[in-house]
Amino acid sequence: MNIELIEAINALEKEKGINPNILVEAIEAALISAYKKNFGTLQNVRVHFDRDTGEIKVYARKTVVEESSNEITEISLDEARKKDPRYELEDIVEVEVTPKNFGRIAAQTAKQVVVQRIREAEREIIFDEYSNREGDIVTGVVQRIENRTVYIDLGKTEAQLVQNEQMPGEQYKNGDRIKTYIVDVKKTTKGPQILVSRTHPGLLKRLFELEVPEIHDGTVELKSVAREAGSRSKIAVYSKNENVDPVGACVGPKGLRVQAIVTELKGEKIDIVKWNVDPVKYIANALSPAKVVSVDILVEEKMAKVVVPDYQLSLAIGKEGQNARLAAKLTNWKIDIKSESQSQASNPTE
């Protein structure tokens, strides 16, 4: 047992990065509890685990007194000096009291400590790995669905996709392979809890970073994202390089890049618009696919009054106001849209 225990401690140091001294201290503390439980609780004892041989010894610790009145916790000065003439009053004398049958109990206890420490170390490693990946995408396999929460197997651990982070209308089945966005990683008594999302705007952003090399290398910047998950999204992109078309880079040859993302998001429509430092141009672009006649901005109110051709009004506003709502979210400007005839009716002198 002892050799196996030493090998286990050495392996844990190499594989899990567990400090062997901390592990030995934990084993010794557990063995003290085991000894007191099995052989009497009144003794003050110390357990020593030899890192080289694996030998385990138990020592009773007794205080040196003039005359002992309690053999369990005290030893007389005369008795102590028979062991070593240098002992003085109040010194601690250690007497080996290792029971003959302590080996089996020690082996069982040490094994429990090692197993527990392995679990703790693995949980710590997983927590560190995934807490560093908050705001990143992970790919996993749907493992089970309980109380509308989808549990996703990530390999080393599992993630939870709760109902309000699921895309409307999206169905999940055991064995489905899906990409999710890590929203939060928490420490719990059962190990790390990884919360993921399919609705977060960050998922769309990271998908474009993965799919479009020009975004990944910084040639194209993804400036803003507005998303209504499962329905429609808008992203604003920009490039300092005049020879690079940021919208074209995101669309990809024959639309392959954006189509791969649309497929991953189960048909979510994505408008890609060109970002511009000039809010007039940016707001006009954000209302794509609608064509804009004019944009007047009120800087203090951060509001834009937009005029579109009559036949483009419903397109500019979108179904249930979605296009206008997403454009406002994308640009961070309030947008008031009118048709040309409405604008002329409200400004007859123009």
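The values are calculated or read from the model by the stated rules, or taken from the named source; none is laboratory data. Computed from a prediction, not measured in an experiment: that's the story for all the values here. Cβ: placed from backbone, ideal geometry, glycine included. Neighbour counts: every protein chain shown.
Select from segment 136-154 the residues that are without any contact (Cβ under 8 Å) to a residue 60 or more places away in the chain, touching a Phe, Trp or Tyr at 6+ places or on another chain (Cβ under 7 Å) and of a type in the set (Val, Ile, Thr) and list them in ascending order. It would help to see each step written out before you state the result.
Just the residues of segment 136-154 that are without any contact (Cβ under 8 Å) to a residue 60 or more places away in the chain, to begin with: 138-154.
Next, from what is left, pick out any that are touching a Phe, Trp or Tyr at 6+ places or on another chain (Cβ under 7 Å): 142-145, 150.
VAL142, ILE145, VAL150, listed by residue number.
Results for (1) under 17 Å from LYS111 (Cβ atoms); (2) at pLDDT below 80; (3) in a helix (DSSP H, G or I), shown as yes or no for each residue.
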| residue | (1), (2), (3) |
| --- | --- |
| LEU5 | yes, yes, yes |
| VAL24 | yes, no, yes |
| GLU28 | yes, no, yes |
| SER33 | yes, no, yes |
| LYS37 | yes, no, yes |
| ARG46 | no, no, no |
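Among the residues of segment 155-201, just one is over 21 Å from ARG123 (Cβ atoms), in contact (Cβ under 8 Å) with a residue 60 or more places away in the chain and assigned to a strand (DSSP E or B), namely LYS179. Only one of the numbered conditions (1) in contact (Cβ under 8 Å) with a residue 12 or more places away in the chain; (2) surrounded by fewer than 19 Cβ atoms within 10 Å (Cβ to Cβ); (3) assigned to a helix (DSSP H, G or I); (4) among the β-branched types (Val, Ile, Thr) is violated by ILE283, and that is (2).
Can you find a residue in segment 310-329 that is part of a strand (DSSP E or B) and modelled with pLDDT of 95 or more? Looking through segment 310-329, none of the residues is part of a strand (DSSP E or B) and modelled with pLDDT of 95 or more. For segment 272-313, the set of residues classified as in contact with a strand residue (DSSP E or B) (Cβ under 6 Å, 6 or more places away or on another chain) and farther than 18 Å from LYS234 by Cβ consists of VAL293, SER294, ASP296, ILE297, MET303, LYS305, VAL307, ASP310, LEU313, listed by residue number. Would you confirm whether or not segment 313-328 contains a residue that is within 23 Å of VAL220 (Cβ to Cβ) and touching a residue at least 40 places away in the same chain (Cβ under 8 Å)? Taking every residue of segment 313-328 in turn, at least one turns out to be within 23 Å of VAL220 (Cβ to Cβ) and touching a residue at least 40 places away in the same chain (Cβ under 8 Å).
Report whether or not ASP278 is in contact (Cβ under 8 Å) with a residue 12 or more places away in the chain and of a type in the set (Asp, Glu). No: the conditions fail for ASP278.
Condition check: farther than 21 Å from LYS223 by Cα, acidic (Asp, Glu), touching a residue at least 24 places away in the same chain (Cβ under 8 Å) and not assigned by TED's automatic domain parsing to the domain that holds SER231. Does ASP296 satisfy that? Working first, answer last.
Details: farther than 21 Å from LYS223 by Cα: yes; acidic (Asp, Glu): yes; touching a residue at least 24 places away in the same chain (Cβ under 8 Å): no; not assigned by TED's automatic domain parsing to the domain that holds SER231: yes.
Answer is no for this residue.
Screening the candidates VAL262, VAL220 for the property of being in the same structural domain as LEU204 (by TED's automatic domain parsing), surrounded by 15 or more Cβ atoms within 10 Å (Cβ to Cβ), within 26 Å of GLY169 (Cα to Cα) and of a type outside the set (Lys, Arg) yields one hit, VAL262. Regarding ASN21, is this residue among the polar types (S, T, N, Q) and touching a residue at least 60 places away in the same chain (Cβ under 8 Å)? Here the answer is no, as ASN21 does not meet what is asked. For ILE126, the test of being outside the structural domain of GLU228 (by TED's automatic domain parsing) and modelled with pLDDT of 90 or more is failed. Number of residues in segment 52-96 that are closer than 30 Å to GLU4 by Cα, among the β-branched types (Val, Ile, Thr) and buried (at least 16 other Cβ atoms within 10 Å of the Cβ) equals 2. Scanning segment 48-64 for residues that are of a type in the set (S, T, N, Q), under 17 Å from ALA106 (Cβ atoms) and part of a strand (DSSP E or B) gives no hits.
Of all the residues that make up segment 202-238, how many are more than 17 Å from LYS269 (Cα to Cα) and part of a loop (DSSP other than H, G, I, E, B)? Show your work before the answer.
Within segment 202-238, the first condition is being more than 17 Å from LYS269 (Cα to Cα), and the residues that meet it are 209-210, 212-223, 238.
Of the ones still in play, those that are also part of a loop (DSSP other than H, G, I, E, B) are 212, 217-220.
Result for segment 202-238: 5.
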